[in-house]
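Structure, as C-alpha coordinates:
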Amino acid sequence: MSLKNKHLQEVTLNLAHLRKVDFKSGQSFHSKGFLSFQDAPRLALEIQHKDPHFDILQKGLDWEVRTWIDEQADKTHEQRLSVHIKLSYPLECQRCLSLYEEAIDFSSQFLFKDTEDEVDNFPLENDHEDAILNSHQFDLIELFEDEVLLSLPLIPKHAIELCHPEVILVTGLGSPDDGFAQGADDSTSAKNPFLSLKKLKFDA
Ligand SMILES: [Zn+2]
(Lines give C-alpha, C1' and ligand atoms only; values in the text may rest on other atoms or scores of the structure.)
Protein backbone atom coordinates (compact mmCIF):
# COMPACT_ATOMS: atom_id res chain seq x y z
CA MET A 1 0.00 0.00 0.00
CA SER A 2 1.70 3.18 -1.11
CA LEU A 3 1.26 6.57 0.38
CA LYS A 4 0.51 8.55 -2.76
CA ASN A 5 0.42 12.00 -1.33
CA LYS A 6 3.85 12.77 -0.01
CA HIS A 7 3.04 16.33 0.89
CA LEU A 8 0.21 16.00 3.34
CA GLN A 9 -1.41 19.26 4.17
CA GLU A 10 -1.38 20.06 7.88
CA VAL A 11 -4.76 21.38 8.89
CA THR A 12 -6.24 22.55 12.15
CA LEU A 13 -9.70 21.20 12.84
CA ASN A 14 -11.59 23.11 15.49
CA LEU A 15 -14.72 21.78 17.14
CA ALA A 16 -17.08 22.96 14.38
CA HIS A 17 -14.81 21.58 11.64
CA LEU A 18 -14.64 18.17 13.30
CA ARG A 19 -18.40 17.80 12.86
CA LYS A 20 -18.28 18.34 9.08
CA VAL A 21 -15.04 17.36 7.42
CA ASP A 22 -15.11 17.39 3.63
CA PHE A 23 -13.37 14.12 2.79
CA LYS A 24 -14.86 14.17 -0.70
CA SER A 25 -12.70 17.13 -1.65
CA GLY A 26 -9.98 14.55 -2.26
CA GLN A 27 -7.44 16.66 -0.38
CA SER A 28 -5.21 14.48 1.77
CA PHE A 29 -4.33 15.97 5.11
CA HIS A 30 -2.95 15.39 8.57
CA SER A 31 -4.40 16.88 11.70
CA LYS A 32 -4.31 16.34 15.44
CA GLY A 33 -5.76 17.83 18.56
CA PHE A 34 -7.46 17.40 21.89
CA LEU A 35 -11.19 16.86 22.33
CA SER A 36 -12.64 17.21 25.81
CA PHE A 37 -15.24 14.65 26.83
CA GLN A 38 -17.62 17.56 27.25
CA ASP A 39 -17.54 17.96 23.46
CA ALA A 40 -18.08 14.25 22.80
CA PRO A 41 -21.64 13.97 24.15
CA ARG A 42 -22.04 10.20 23.94
CA LEU A 43 -18.81 9.64 25.85
CA ALA A 44 -19.73 12.34 28.37
CA LEU A 45 -23.05 10.61 29.01
CA GLU A 46 -21.46 7.19 29.50
CA ILE A 47 -18.81 8.62 31.78
CA GLN A 48 -21.26 10.54 33.92
CA HIS A 49 -23.28 7.39 34.50
CA LYS A 50 -20.16 5.71 35.80
CA ASP A 51 -18.59 8.58 37.67
CA PRO A 52 -20.56 11.83 38.16
CA HIS A 53 -17.42 13.48 39.59
CA PHE A 54 -15.19 12.78 36.59
CA ASP A 55 -13.85 16.01 35.09
CA ILE A 56 -15.29 15.83 31.57
CA LEU A 57 -14.29 19.43 30.89
CA GLN A 58 -10.53 19.08 31.43
CA LYS A 59 -10.18 15.45 30.46
CA GLY A 60 -10.69 14.04 27.01
CA LEU A 61 -8.96 12.35 24.15
CA ASP A 62 -5.87 13.12 22.10
CA TRP A 63 -6.63 12.39 18.47
CA GLU A 64 -4.69 12.30 15.24
CA VAL A 65 -6.08 11.72 11.75
CA ARG A 66 -4.45 11.22 8.37
CA THR A 67 -5.99 10.67 4.95
CA TRP A 68 -4.38 9.42 1.78
CA ILE A 69 -5.18 7.98 -1.63
CA ASP A 70 -3.91 4.62 -2.89
CA GLU A 71 -3.73 3.87 -6.58
CA GLN A 72 -4.83 0.35 -7.44
CA ALA A 73 -3.34 -1.88 -10.12
CA ASP A 74 -6.30 -1.05 -12.37
CA LYS A 75 -5.59 2.67 -11.93
CA THR A 76 -8.65 3.28 -9.78
CA HIS A 77 -8.14 5.08 -6.51
CA GLU A 78 -9.00 4.21 -2.95
CA GLN A 79 -9.17 6.86 -0.27
CA ARG A 80 -8.26 5.93 3.27
CA LEU A 81 -8.32 7.45 6.73
CA SER A 82 -6.31 6.48 9.77
CA VAL A 83 -7.28 7.52 13.28
CA HIS A 84 -5.06 7.37 16.35
CA ILE A 85 -6.65 8.00 19.74
CA LYS A 86 -5.21 8.15 23.26
CA LEU A 87 -7.21 8.69 26.41
CA SER A 88 -7.89 7.71 30.00
CA TYR A 89 -11.41 6.44 30.51
CA PRO A 90 -13.16 5.78 33.84
CA LEU A 91 -14.37 2.21 34.25
CA GLU A 92 -15.62 0.04 37.07
CA CYS A 93 -13.25 -2.78 37.94
CA GLN A 94 -15.15 -6.07 37.75
CA ARG A 95 -13.03 -7.65 40.48
CA CYS A 96 -13.38 -5.03 43.23
CA LEU A 97 -16.16 -2.82 41.74
CA SER A 98 -14.27 0.39 42.36
CA LEU A 99 -13.68 3.05 39.72
CA TYR A 100 -10.36 3.37 37.97
CA GLU A 101 -9.01 4.98 34.81
CA GLU A 102 -8.12 2.70 31.95
CA ALA A 103 -5.34 3.97 29.67
CA ILE A 104 -6.45 3.40 26.08
CA ASP A 105 -4.30 3.90 22.99
CA PHE A 106 -5.32 2.56 19.59
CA SER A 107 -5.25 3.16 15.84
CA SER A 108 -7.95 2.33 13.31
CA GLN A 109 -7.92 2.42 9.53
CA PHE A 110 -10.86 3.07 7.23
CA LEU A 111 -11.59 2.79 3.53
CA PHE A 112 -14.01 5.36 2.14
CA LYS A 113 -16.94 4.06 0.13
CA ASP A 114 -19.44 6.10 -1.89
CA THR A 115 -22.66 4.23 -1.10
CA GLU A 116 -24.32 2.65 1.94
CA ASP A 117 -24.51 -0.65 0.02
CA GLU A 118 -20.77 -0.75 -0.45
CA VAL A 119 -20.25 -0.07 3.23
CA ASP A 120 -22.75 -2.77 4.22
CA ASN A 121 -21.19 -5.31 1.88
CA PHE A 122 -17.65 -4.70 3.10
CA PRO A 123 -16.29 -8.00 4.44
CA LEU A 124 -16.64 -8.17 8.22
CA GLU A 125 -13.69 -10.52 8.47
CA ASN A 126 -11.35 -7.74 7.36
CA ASP A 127 -9.74 -6.89 10.69
CA HIS A 128 -7.22 -4.60 9.02
CA GLU A 129 -9.69 -1.85 8.14
CA ASP A 130 -13.38 -0.92 8.09
CA ALA A 131 -15.47 0.74 5.42
CA ILE A 132 -17.08 4.13 6.05
CA LEU A 133 -19.38 6.27 3.95
CA ASN A 134 -17.62 9.19 2.31
CA SER A 135 -19.18 12.58 2.76
CA HIS A 136 -18.73 16.29 2.23
CA GLN A 137 -19.74 16.72 5.88
CA PHE A 138 -18.25 13.80 7.73
CA ASP A 139 -18.70 13.83 11.50
CA LEU A 140 -15.32 12.88 12.94
CA ILE A 141 -16.47 13.31 16.55
CA GLU A 142 -19.07 10.60 15.99
CA LEU A 143 -16.39 8.33 14.59
CA PHE A 144 -14.11 9.05 17.57
CA GLU A 145 -16.97 8.21 19.95
CA ASP A 146 -17.73 4.94 18.14
CA GLU A 147 -14.10 3.90 18.16
CA VAL A 148 -13.58 4.72 21.84
CA LEU A 149 -16.70 2.82 22.89
CA LEU A 150 -15.62 -0.17 20.80
CA SER A 151 -12.16 -0.12 22.32
CA LEU A 152 -13.34 -0.38 25.93
CA PRO A 153 -12.53 -3.71 27.59
CA LEU A 154 -15.54 -6.02 27.93
CA ILE A 155 -14.48 -6.96 31.43
CA PRO A 156 -12.59 -4.00 32.87
CA LYS A 157 -10.09 -4.83 35.57
CA HIS A 158 -7.54 -2.97 37.65
CA ALA A 159 -3.92 -3.85 37.35
CA ILE A 160 -3.74 -6.72 39.84
CA GLU A 161 -1.48 -4.85 42.29
CA LEU A 162 -4.03 -1.99 42.50
CA CYS A 163 -7.04 -4.21 42.94
CA HIS A 164 -8.45 -4.79 46.43
CA PRO A 165 -11.55 -6.88 46.05
CA GLU A 166 -13.95 -7.40 48.92
CA VAL A 167 -14.14 -11.07 49.84
CA ILE A 168 -17.86 -11.31 49.17
CA LEU A 169 -17.60 -10.06 45.60
CA VAL A 170 -14.71 -12.19 44.52
CA THR A 171 -15.53 -15.53 46.02
CA GLY A 172 -19.28 -15.40 45.43
CA LEU A 173 -19.84 -16.39 49.06
CA GLY A 174 -22.69 -13.91 49.43
CA SER A 175 -26.10 -15.40 50.03
CA PRO A 176 -28.07 -15.87 46.80
CA ASP A 177 -31.15 -14.53 48.60
CA ASP A 178 -29.41 -11.35 49.56
CA GLY A 179 -32.12 -8.86 48.56
CA PHE A 180 -30.00 -5.77 49.05
CA ALA A 181 -27.77 -6.47 46.10
CA GLN A 182 -30.63 -7.15 43.71
CA GLY A 183 -32.55 -4.04 44.66
CA ALA A 184 -29.50 -1.89 44.07
CA ASP A 185 -28.91 -3.48 40.69
CA ASP A 186 -32.42 -3.03 39.39
CA SER A 187 -32.36 0.73 39.71
CA THR A 188 -29.34 1.14 37.44
CA SER A 189 -29.46 -1.90 35.21
CA ALA A 190 -30.40 0.09 32.14
CA LYS A 191 -27.25 2.17 32.40
CA ASN A 192 -24.50 -0.26 33.08
CA PRO A 193 -23.92 -3.18 30.70
CA PHE A 194 -21.68 -4.84 33.25
CA LEU A 195 -24.31 -5.18 35.94
CA SER A 196 -25.47 -8.51 34.53
CA LEU A 197 -22.01 -9.84 35.32
CA LYS A 198 -22.26 -8.56 38.85
CA LYS A 199 -25.57 -10.33 39.20
CA LEU A 200 -24.14 -13.58 37.96
CA LYS A 201 -21.61 -13.41 40.75
CA PHE A 202 -24.26 -12.91 43.38
CA ASP A 203 -26.48 -15.61 41.92
CA ALA A 204 -23.71 -18.18 41.59
ZN1 LIG B 1 -10.13 -3.75 41.13
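The values are calculated or read from the model by the stated rules, or taken from the named source; none is laboratory data. Quantities reported herein were computed from a predicted structural model and do not represent experimental measurements. Here the Cβ is made from the backbone with ideal geometry for all residues, glycine too, and neighbour counts use every protein chain on show.
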Closer than 18 Å to Phe34 by Cα and surrounded by fewer than 17 Cβ atoms within 10 Å (Cβ to Cβ), is that true of Asp74? no
Go through (1) over 14 Å from Leu152 (Cα atoms); (2) in a strand (DSSP E or B); (3) more than 14 Å from the chain's Cα centre (by Cα) for Cys96 and report which single condition fails. (2)
Give me the pairs: first residue in the range 146-166 and under 21 Å from Ile132 (Cα atoms), second residue more than 10 Å from the ligand (Cβ to nearest atom) and assigned to a loop (DSSP other than H, G, I, E, B), beta-carbon distance under 9 Å, and six or more apart or on different chains, which are they? Val148/Ala40
Let me spell it out: the conditions are (1) of a type outside the set (Asp, Glu); (2) surrounded by fewer than 18 Cβ atoms within 10 Å (Cβ to Cβ); (3) assigned to a helix (DSSP H, G or I); (4) in contact (Cβ under 8 Å) with a residue 24 or more places away in the chain, and Ile47 meets all of them except one. Which number is the exception? (2)
Quick one: is Ile104 over 18 Å from the mean Cα position of the chain (by Cα), aliphatic (A, V, I, L, M) and more than 16 Å from the ligand (Cβ to nearest atom)? no
Can you pull out every residue in the range 48-66 that is more than 19 Å from Ala16 (Cα to Cα) and touching a strand residue (DSSP E or B) at 6+ places or on another chain (Cβ under 6 Å)? Lys50, Asp51, Phe54
List every residue pair whose Cβ atoms lie under 6 Å apart, where the two residues are 6 or more positions apart in sequence or sit on different chains, the first residue falls within the range 117-134 and is farther than 11 Å from Leu81 by Cα, and the second residue, located anywhere, is β-branched (Val, Ile, Thr). Leu133/Val119
Which of (1) surrounded by fewer than 11 Cβ atoms within 10 Å (Cβ to Cβ); (2) of a type in the set (D, E, K, R); (3) at pLDDT 95 or above does Asp127 not meet, given it meets every other one? (3)
Within the range 82-101, restricting attention to residues that are hydroxyl-bearing (Ser, Thr, Tyr) and surrounded by 17 or more Cβ atoms within 10 Å (Cβ to Cβ), which residue is farthest from the ligand (Cβ to nearest atom)? Tyr89
